[in-house]
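These notes are about the structure you will find just below.
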Amino acid sequence: MKSNLEYWQISLENPEPEKDDFYFFDEIIVKDPDFIQKVERLRELIITYCVISEKGESSEEIFNEIYDILIATENIQYTEFVAFWKVFDVSFSVFKNLSVEKKKEILKDLLKGYCERRSRLYDRLGYTNTTVQALYDSGASRKKGVAGVRKLVKLVKDILGLRDSVKSINEFKNCNLAYFLPDSKDGKEIFNIFLKEFNIKFQFGKNHQNKKPDIVLKVFDQIFIIEAKHVKESGGAQDKQISELIDFIKYSEKSSFVHYISFLDGVYFNKFIHAEDKVLVQRKEIENILFKNPNNFFVNTAGFVEILKDIKATVK
């Protein structure tokens, strides 16, 4: 294999594309007749609830049906009503984890606010299921983390000819080529045993709220512990992700066969090519760490592909 600085240079010479098909999501939810029936029923119920409330009356039956639809219907958070909750700083995911009593208490307040501030406006403007699809599409960015791991898995499987992740530590140890996903259902237990079996400290995880890496790859007697991020632009959260990746390759193990790989894709990586200001500081820090830790790597898609191709060559 090449040196880590050579893979870094390959990455710099091959920028990330503006559009990456690995992060293309085009799921249509409004074609599901059962889902749309629930959406339209929810709208009808809320309109009725608002009319009854204006008259100073109440209907537990209507309220309970609204509650049942919200709790039991997948993707119902992409409706006008649930989108309105953000006005009151209420998260649907947090709401679903509350007790039944607390959920119903909050829902009554949300319905009251919706009836006062949105119901008549939306009745006048009209409802369309395009809104539901648009809200769903706007949430596509939340799937990027999962897509990043999916991209890594596909590259590993396609280039190295691997199948699915292993299901036990013995399978991992006994295969010349193998991988597992430490944050998956099966992978969490495997990862804990893996650390003990291979005498790996993984101090990064201990210093980052027990965070687990995205993939652990084994090639004969070499171990690659990989952390991936997909970043497109600067910002508070994005800067934290870059800092985590840089921090990831600062760690090393006593065993020379253990490698840490920070994988960064997305067009933010391209800032490193003609780095200025803050990005220049980040680039210099990456290069200094790579020089001090020759076992570790910081790469984009092209650099990671090159590593996998070189691994494949050694397998032959």
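The values are calculated or read from the model by the stated rules, or taken from the named source; none is laboratory data. This structure is a prediction, so every number in the text was calculated from the model and none was measured. Positions of Cβ are generated from backbone atoms using ideal geometry, with glycine treated the same way; all protein chains shown enter the neighbour counts. The protein model used for the area step is the full one, side chains on, heavy atoms only, and it has no ligands, DNA or RNA in it. Shrake-Rupley method; radii C 1.70, N 1.55, O 1.52, S 1.80 Å.
So how strong a dipole does the chain carry about its Cα centre when Lys and Arg Cβ are +1 and Asp and Glu Cβ are -1, to the nearest 20 debye?
On the way: 49 positive and 49 negative charges, 175 e Å.
Around 840 debye, computed over the chain.
Rounding to the nearest 10 and keeping the result within 0 to 90°, find how far the Cα-based axis of helix 185-197 lies from the longest principal axis of the chain.
The two axes meet at around 30 degrees.
Among GLY126, VAL39, ILE169, which residue has its Cα furthest toward the positive end of the charge dipole of the chain, with +1 on Lys/Arg Cβ and -1 on Asp/Glu Cβ?
My answer, from the dipole projection, is ILE169.
In terms of Cα to Cα distance under 13 Å, which aspartates and glutamates are near enough to LYS151, apart from those fewer than 8 places away along the same chain?
Hits, sequence-local ones excluded: ASP20, ASP21, ASP214, GLU227, ASP265.
Pick out, from TYR49, TYR67, GLN241, the residue whose Cα sits farthest towards the positive end of the charge dipole of the chain, with +1 on the Cβ of Lys and Arg and -1 on the Cβ of Asp and Glu.
Going by the Cα projections, it comes out as GLN241.
Let me know the shape class of the stretch 138-235, please: from the alpha-carbon gyration tensor, a ≥ b ≥ c as square roots of the eigenvalues, rounded when a/c is under 1.5, otherwise prolate if a/b is greater than b/c, or oblate.
oblate
How much mean residue ellipticity at 222 nm does the chain get from its helices, if each DSSP H run of length 4 or more adds -39500 (n - 2.57) and you divide by all residues, to the nearest 500 deg cm²/dmol?
Here the helix-only value at 222 nm equals -17000 deg cm²/dmol.
Karplus couplings for the stretch 289-302 from phi (6.51 cos²θ - 1.76 cosθ + 1.60, θ = phi - 60°), rounded to Hz, Gly and Pro as x?
Result, rounded to whole Hz: 5, 4, 5, 6, 10, x, 7, 9, 9, 10, 9, 9, 4, 4.
Over the chain, what is the relative contact order in percent, taking alpha-carbon pairs closer than 8 angstrom and at least six residues apart?
24 percent
Only Lys, Arg, Asp and Glu count, each charged at its Cβ (+1, +1, -1, -1), so figure out the dipole size of the stretch 7-97 about its Cα centre, rounded to 20 debye.
Approximately 280 debye in magnitude.
Pick out, from LEU98, ASN295, GLY113, the residue whose Cα sits farthest towards the positive end of the charge dipole of the chain, with +1 on the Cβ of Lys and Arg and -1 on the Cβ of Asp and Glu.
Among LEU98, ASN295, GLY113, the one farthest towards the positive end of the dipole of the chain is ASN295.
For Cα extents along the principal axes in Å, pick the label among (1) 50, 45, 44; (2) 75, 46, 35; (3) 55, 43, 37 that corresponds to the value derived from the coordinates.
Recomputing Cα extents along the principal axes in Å here picks out (2).
Could you work out how far helix 100-117 tilts from the main Cα principal axis of the chain, as a 0 to 90 degree angle to the nearest 10?
70 degrees
What pairs from LYS173/LYS201; LYS19/LYS309; LYS185/LYS212; LYS167/LYS212; LYS271/LYS312; LYS38/LYS96 go past 21 Å between their alpha carbons?
Over 21 Å Cα-Cα: LYS19/LYS309; LYS271/LYS312.
Please calculate the 1.4 Å probe accessible area of GLU74, with all protein chains present, and give it to the nearest 10 Å².
Only protein atoms counted, so the area is about 140 Å².
Report the charge-dipole magnitude of the stretch 27-178 in Debye, nearest 20, computed about the Cα centre from +1 at each Lys and Arg Cβ and -1 at each Asp and Glu Cβ.
Using only the charged Cβ atoms, the result is roughly 900 debye.
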